[in-house]
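First the structure, in the form of structure tokens, and then the observations on it.
The values are calculated or read from the model by the stated rules, or taken from the named source; none is laboratory data. Model, not experiment: these values are computed from the prediction. With ideal geometry, Cβ positions are generated from the backbone for all residues, glycine too; neighbour counts draw on all protein chains shown. Heads up: the accessible areas ignore ligands, DNA and RNA and are worked out on the full protein's heavy atoms, side chains in. Shrake-Rupley method; radii C 1.70, N 1.55, O 1.52, S 1.80 Å.
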Amino acid sequence: MGNLASTRRRILDRGLALMSRSGLDGVTLGVLADQVGMSKSGLFAHFRSKEEVQIGLLDHTAEVGAACMIAPAMKKPEGLPRLKALVENWFGWAPRAGLPGGCPVAAGLFEFDDLEGPVRDKLLKMEAEWRGLLTKLVVDAISLGHLRRGLDADQFVWELSGIYLSHHAAQRFLKSADADRRAAFAFKSLLARSAPVKKARKKPHER
């Protein structure tokens, strides 16, 4: 049982590296078998179809991402410190997690935007859960007074997700050297627009 689990882990690790470079559609049973150094029939002991491989790799992506991004952020104080830590961990997370390419989920959103089926459903679920986590952290920051009262948390997350996807495209496709700097500046600007409104201090003669 231990060897089976170890082999499956090796398949998922190799498959995740392949997926980060070639996308979900680039992960076929034949290519993955070659990467792992086993036959296609041997691979069938772990995955019965290409879709099953892809869904397994997305689950593995979530596990790696949670360890790399979520777990460290959750050690920070609630509110804005936790939100900022998560976003900093999120932008450009794939290379820091040891992946040779980009974020498989970001790529998958475009690969499967018009394709119906279980893989698209899995991506949709993952994206909804991620945005739900971001929204919760934004709401927490609002309730603690770190962000302004009445801030539209859904709009904040919408803009934040746009920054992430722009950073992904700039870093992976355009190979922009300033992708990190521009993403950090955009996030800082979003926070500035979302900060609590400071009440003007009354001058002595106005008291």
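Give the residue from ALA153, GLY108, SER176 lying farthest towards the positive end of the charge dipole for the stretch 99-189; charges sit on Cβ (+1 for Lys and Arg, -1 for Asp and Glu) and the dipole is referred to the Cα centre.
The Cα lying farthest towards the positive end belongs to SER176.
Given a 1.4 Å probe, how much area per residue of the stretch 62-184 is accessible, in Å²?
Numbers: 6610 Å² over 123 residues.
That works out to 54 Å² per residue.
So which trypsin sites (Lys or Arg not before Pro) in the stretch 130-188 end up in coil per DSSP with only 12 or fewer other C-beta atoms within 10 Å? Kindly include the intermediate steps, with their values, before the conclusion.
Details: sites: ARG131, LYS136, ARG148, ARG149, ARG172, LYS175, ARG181, ARG182, LYS188; in loops: ARG148, ARG149, LYS175.
Listed in order of number, the matching sites are ARG149, LYS175.
Mind giving me the FRET efficiency for GLN155 and ASP25? R0 is 35 Å, r the Cβ-Cβ distance, nearest 0.05 is fine.
Working: r = 32 Å, r/R0 = 0.93.
With a Förster radius of 35 Å, E is 0.60.
Percent of accessible area on the chain owned by carbon and sulfur, 1.4 Å probe?
Numbers: 6640 of 11990 Å².
Roughly 55 percent of what the probe reaches on the chain is carbon or sulfur.
Just going by the charge dipole of the stretch 1-110, with Lys and Arg at +1 and Asp and Glu at -1 on Cβ, which of SER49, VAL64, LEU32 is farthest out on the positive end?
Result: VAL64.
In sequence order, what are the phi-derived ³J(HN,Hα) couplings for the stretch 62-71 according to the Karplus relation 6.51 cos²θ - 1.76 cosθ + 1.60 with θ = phi - 60°, rounded to whole Hz, with x for glycine and proline?
Karplus values, whole Hz, x for Gly and Pro: 4, 5, 5, x, 4, 5, 7, 10, 6, 4.
Starting from the 7 Å offset along Cα-to-Cβ, what nm value, one decimal, do you get for the label separation of GLU63 and PHE185?
Distance between the two pseudo-spin positions: 4.0 nm.
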